[in-house]
């Protein structure tokens with residue numbers, strides 16, 4: 001049949017067979033593949049591997065290379081994971097990071113991390129376990145700068161992110177400029 005697919009579980013196969021009265025299921029281990037005799041009507045199923053990892057770490061947020069990394073002898077602490085991700089970005093919020101850890105019963109616990117103290121060496125480094133996710137927020141993630149909304153006779157009425165020193169003219173330019181029907185005599189601005 002062309003062999004196993006790349007994601008097949010190769011250590012056993014399931015064979016459903018008729019025994020003359022009803023169906024029966026046989027689990028055939030990989031050592032018995034060469035000696036197991038097939039019968040007319042057998043249905044063989046190769047299952048897929050489990051959708052889980054044996055050595056996965058993940059880092060998110062304010063590091064230069066967020067993503068998935070390999071838990072091994074050289075990378076098994078918070079400091080090593082941050083260094084492997086090329087370090088903290090300038091906008092990293094250093095007072096607190098969050099480590100999401102999967103328990104044995106598959107529930108998740110949250111472990112607070114003083115990332116500044118760990119990186120400085122003034123606090124004990126935390127040993128990582130498989131499926132840990134370290135999230136280091138950016139200062140921008142923690143502040144709500146808000147949006148400004150423009151509507152009426154502009155090319156692209158929409159919501160746009162607020163920025164320091166933004167003027168009404170800047171907002172109109174972001175919105176594609178005024179339409180021909182727009183009045184330049186009066187613009188209403190409402191704010192809290």
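For the range 176-192, give me each residue that is in a loop (DSSP other than H, G, I, E, B), surrounded by 10 or more Cβ atoms within 10 Å (Cβ to Cβ) and either more than 39 Å from the chain's Cα centre (by Cα) or touching a residue at least 60 places away in the same chain (Cβ under 8 Å) (or both).
First pass over the range 176-192, keeping only residues in a loop (DSSP other than H, G, I, E, B): 176-177, 179-192.
Next, only the ones that are surrounded by 10 or more Cβ atoms within 10 Å (Cβ to Cβ) stay: 176-177, 179, 182, 187.
The answer is 179, 182, 187.
Please work out if residue 133 is under 20 Å from the mean Cα position of the chain (by Cα), within 28 Å of residue 71 (Cα to Cα) and modelled with pLDDT of 90 or more. Don't jump to the end; show me each part of the working.
Details: under 20 Å from the mean Cα position of the chain (by Cα): yes; within 28 Å of residue 71 (Cα to Cα): yes; modelled with pLDDT of 90 or more: yes.
Yes.
Can you give me the number of residues within the range 5-36 that are in contact (Cβ under 8 Å) with a residue 24 or more places away in the chain and either exposed (fewer than 10 other Cβ atoms within 10 Å of the Cβ) or in a loop (DSSP other than H, G, I, E, B) (or both)?
So the answer is 4.
Pull up the range 155-164, narrow it to residues that are at pLDDT below 90 and not in a strand (DSSP E or B), then point me to the one that is surrounded by the fewest Cβ atoms within 10 Å (Cβ to Cβ).
164
For the range 165-175, give me the residue count where each residue is in a loop (DSSP other than H, G, I, E, B) and touching a strand residue (DSSP E or B) at 6+ places or on another chain (Cβ under 6 Å). So that I can check it myself, show each step before the final result.
Of the residues in the range 165-175, the ones in a loop (DSSP other than H, G, I, E, B) are 165-167, 175.
Filter once more, keeping what is touching a strand residue (DSSP E or B) at 6+ places or on another chain (Cβ under 6 Å): 175.
Of the residues in that region, 1 qualify.
Suppose we filter 81, 88, 75 for residues that are under 16 Å from residue 126 (Cα atoms) and crowded, with 18+ Cβ neighbours inside 10 Å; which single one remains?
Answer to the selection: 81.
Out of all the residues in the range 129-145, which are in contact with a strand residue (DSSP E or B) (Cβ under 8 Å, 6 or more places away or on another chain) and either loosely packed, with under 15 Cβ neighbours inside 10 Å or within 17 Å of residue 87 (Cβ to Cβ) (or both)? I'd like the intermediate steps shown before the answer.
Pass one, the range 129-145, residues in contact with a strand residue (DSSP E or B) (Cβ under 8 Å, 6 or more places away or on another chain): 129-139, 141, 145.
Those that are in contact with a strand residue (DSSP E or B) (Cβ under 8 Å, 6 or more places away or on another chain) and either loosely packed, with under 15 Cβ neighbours inside 10 Å or within 17 Å of residue 87 (Cβ to Cβ) (or both): 129, 130, 134, 135, 136, 137, 138, 139, 141, 145.
Quick one: which strands (runs of 3 or more DSSP E) lie wholly within the range 46-154 and hold at least 3 residues that are in contact (Cβ under 8 Å) with a residue 24 or more places away in the chain and in contact with a helix residue (DSSP H, G or I) (Cβ under 8 Å, 6 or more places away or on another chain)? Give the steps one after another, and end with the answer.
Details: elements: 56-61, 67-70, 97-102, 108-113, 133-136, 147-150.
Where strands (runs of 3 or more DSSP E) fall fully within the range 46-154 and carry at least 3 residues being in contact (Cβ under 8 Å) with a residue 24 or more places away in the chain and in contact with a helix residue (DSSP H, G or I) (Cβ under 8 Å, 6 or more places away or on another chain), they are 56-61.
The values are calculated or read from the model by the stated rules, or taken from the named source; none is laboratory data. Note that the structure is predicted; figures quoted are calculated from it, not measured. Cβ atoms come from the backbone with ideal geometry, glycine included; neighbour counts cover every protein chain shown.
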